[in-house]
Amino acid sequence: MIKRTVFESEHEMFRDSFRKFLLEEAVPFHEQWEKDGQVSTEFWRKAGEMGYLSPTVPESYGGVGVDFRYNAVVAEEIANFGLTGVGFGLHSDIAVPYIMAYGTEEQKKKYLPGCVNGEIITAIAMTEPGTGSDLQGVKTNAVLSNDGEHYILNGSKTFITNGQLANLVVVVAKTDPSAGAKGTSLFLVESDSEGFVKGQNLNKIGMKAQDTSELFFQDVKVPKENLLGTEGMGFIYLMQELPQERLSVSLSAISCAESILEKTVTYVKERKAFGSEIAAFQNTQFKLAEMSSTVTMARVFIYKCLDLHINKELDPVTAAKLKLLTTDIQCDVVDECLQLHGGYGYMWEYPVARAYADARVQKIYAGTNEIMKLIIGRDMVK
């Protein structure tokens with residue numbers, strides 16, 4: 001493996017600490033969380049106490065104010081252990097950054113300390129039953145009340161990660177349906193708001209420990225001060241934050257691929273067929289070589305993008321290329337590794353089986369890979 005040069009010694013110390021935390025507090029319980037359909041809130045609070053949630057939040061709001069490489073370490077180690085139920089990435093890398101970037105001073109003081117210590121679990125509600133990657137087509141609407149004190153929020157969302165556990169949701173809604181993308185706004189909605197109802201915890205083919213939910217808003221009164229940023233700027237805010245979201249997904253994708261490949265190498269050395277270890281077969285060695293080379297290539301690209309991001313130079317097109325490549329590679333590698341396991345690879349108790357089920361959604365969320373191709377292609381021919 002090529003040495004990680006993007007990280008410094010303090011990042012690796014943080015990695016060792018977080019890895020130990022996961023081994024003690026997550027790995028032994030993840031199978032039960034799969035049965036429960038969600039991780040425990042106690043686990044979130046423990047992570048907050050240890051400083052593993054939203055590490056980039058400034059010290060003035062209860063955080064430690066470090067760079068995004070710490071978030072990258074968290075994403076990598078969660079993926080390395082196959083802990084797909086742990087929704088820290090959605091919280092720390094996607095939802096909380098909206099508050100940091102566009103929140104008022106009052107909003108930051110009110111919400112960020114809880115986001116850091118684990119008392120507040122966040123989600124972001126973009127997708128709707130009839131609207132997936134087309135964020136301009138959202139139907140959820142927010143109308144300013146006659147007295148101008150609050151917005152009346154109506155609509156529904158689906159496939160919302162952290163949906164059951166979240167007590168603070170960044171909601172995408174139309175404040176001016178006639179204005180298209182320019183009529184989109186973001187709101188901070190607390191889960192105990194009257195008229196806010198959480199639907200069922202959705203039954204997915206993978207990520208069984210990750211709570212993914214429907215959310216319903218019926219005449220929810222959202223205080224005017226909970227408008228996030230400027231009214232009508234929501235779509236622009238979403239576009240500005242998507243590169244980090246896609247980087248986060250990519251970090252998880254390649255770490256998962258690396259982990260499953262490593263486990264597969266161990267397996268083929270032990271498994272025997274036709275009187276010898278299957279690692280001795282030329283086909284096995286060729287497949288391993290191809291996968292190792294591809295994952296190494298992706299790792300170099302992802303760390304280049306991480307370096308660009310911490311220097312505020314990661315553009316949307318490069319992020320789209322990264323997300324497209326890494327999630328395709330993840331799914332391809334996991335599929336090949338399952339094949340090398342034979343029938344055992346189809347058994348749920350084997351990590352490769354879980355990884356196979358968990359990986360497929362990576363090509364769908366954070367913008368489908370077809371959308372990534374459109375972003376890249378349109379940039380090429382503009």
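Filtering segment 1-26 to residues that are among the β-branched types (Val, Ile, Thr) and touching a Leu at 6+ places or on another chain (Cβ under 7 Å) leaves only 6. Among the candidates 173, 179, the residue that is over 23 Å from the mean Cα position of the chain (by Cα) and under 16 Å from residue 230 (Cα atoms) is uniquely 179. Pairs linking a residue in segment 112-137 that is touching a residue at least 60 places away in the same chain (Cβ under 8 Å) and within 19 Å of residue 89 (Cα to Cα) to a residue that is of a type in the set (Val, Ile, Thr) and surrounded by fewer than 17 Cβ atoms within 10 Å (Cβ to Cβ), with Cβ atoms under 9 Å and 6 or more positions apart or on different chains, are 116/64; 118/41; 121/41.
Considering the conditions (1) touching a strand residue (DSSP E or B) at 6+ places or on another chain (Cβ under 8 Å); (2) more than 25 Å from residue 144 (Cβ to Cβ); (3) in the same structural domain as residue 139 (by TED's automatic domain parsing), residue 278 is excluded by exactly one of them, (3). Go through (1) outside any loop (DSSP other than H, G, I, E, B); (2) out of contact with any His (no Cβ under 6 Å at 6 or more places or on another chain); (3) within 20 Å of residue 267 (Cα to Cα) one by one and return the number of the condition residue 352 breaks. If we test residue 352 against (1) outside any loop (DSSP other than H, G, I, E, B); (2) out of contact with any His (no Cβ under 6 Å at 6 or more places or on another chain); (3) within 20 Å of residue 267 (Cα to Cα), just (2) comes out false. Taking residue 74 as the residue in question, decide whether it is of a type in the set (Val, Ile, Thr), assigned to a helix (DSSP H, G or I) and under 30 Å from residue 183 (Cα atoms). Judged against the criteria, residue 74 is not a match. Residues in segment 1-26 that are part of a helix (DSSP H, G or I) and more than 19 Å from the chain's Cα centre (by Cα): 13 in all. The residue that is farthest from the chain's Cα centre (by Cα), counting only those in segment 358-378 that are surrounded by fewer than 17 Cβ atoms within 10 Å (Cβ to Cβ) and more than 11 Å from residue 320 (Cα to Cα), is 378.
When residue 14 is tested against (1) farther than 18 Å from residue 81 by Cβ; (2) touching a residue at least 40 places away in the same chain (Cβ under 8 Å), just one condition goes unmet, and that condition is (1). Filter segment 37-63 down to residues that are in contact (Cβ under 8 Å) with a residue 60 or more places away in the chain and not in a loop (DSSP other than H, G, I, E, B), then give me how many there are. Adding up the residues that qualify gives 7.
Here residue 345 fulfils each of the conditions (1) touching a strand residue (DSSP E or B) at 6+ places or on another chain (Cβ under 8 Å); (2) farther than 28 Å from residue 131 by Cβ apart from (1). Tell me which residues, restricted to segment 174-185, are in contact with a Phe, Trp or Tyr (Cβ under 6 Å, 6 or more places away or on another chain) and surrounded by 20 or more Cβ atoms within 10 Å (Cβ to Cβ). Of everything in segment 174-185, just one residue is in contact with a Phe, Trp or Tyr (Cβ under 6 Å, 6 or more places away or on another chain) and surrounded by 20 or more Cβ atoms within 10 Å (Cβ to Cβ), namely 184. Any chance segment 335-354 includes a residue that's surrounded by fewer than 21 Cβ atoms within 10 Å (Cβ to Cβ), more than 24 Å from residue 85 (Cα to Cα), hydroxyl-bearing (Ser, Thr, Tyr) and not assigned by TED's automatic domain parsing to the domain that holds residue 205? Looking for residues that are surrounded by fewer than 21 Cβ atoms within 10 Å (Cβ to Cβ), more than 24 Å from residue 85 (Cα to Cα), hydroxyl-bearing (Ser, Thr, Tyr) and not assigned by TED's automatic domain parsing to the domain that holds residue 205, one finds none in segment 335-354, hence no.
Residues of segment 216-230 that are outside any strand (DSSP E or B) and either surrounded by fewer than 18 Cβ atoms within 10 Å (Cβ to Cβ) or touching a helix residue (DSSP H, G or I) at 6+ places or on another chain (Cβ under 6 Å) (or both): 224, 225, 229, 230. All conditions in (1) surrounded by fewer than 18 Cβ atoms within 10 Å (Cβ to Cβ); (2) assigned by TED's automatic domain parsing to the domain that holds residue 161 hold for residue 211, with the sole exception of (1). When each of 193, 213 is tested for being part of a loop (DSSP other than H, G, I, E, B), of a type outside the set (A, V, I, L, M, F, W, C) and in contact with a strand residue (DSSP E or B) (Cβ under 6 Å, 6 or more places away or on another chain), the lone residue that passes is 193.
Report whether or not residue 46 is at pLDDT below 95 and either out of contact with any helix residue (DSSP H, G or I) (no Cβ under 8 Å at 6 or more places or on another chain) or not polar (S, T, N, Q) (or both).
No: the conditions fail for residue 46.
Residues that are hydroxyl-bearing (Ser, Thr, Tyr) and either more than 26 Å from residue 168 (Cβ to Cβ) or at pLDDT below 95 (or both) do occur in segment 8-16. If you go through segment 5-32 and pick out every residue that is over 27 Å from residue 210 (Cβ atoms) and either of a type outside the set (Gly, Ala, Ser) or crowded, with 16+ Cβ neighbours inside 10 Å (or both), you end up with 6.
The values are calculated or read from the model by the stated rules, or taken from the named source; none is laboratory data. A quick note: this is a predicted structure, and the numbers were derived from the prediction, not measured. Cβ: placed from backbone, ideal geometry, glycine included. Neighbour counts: every protein chain shown.
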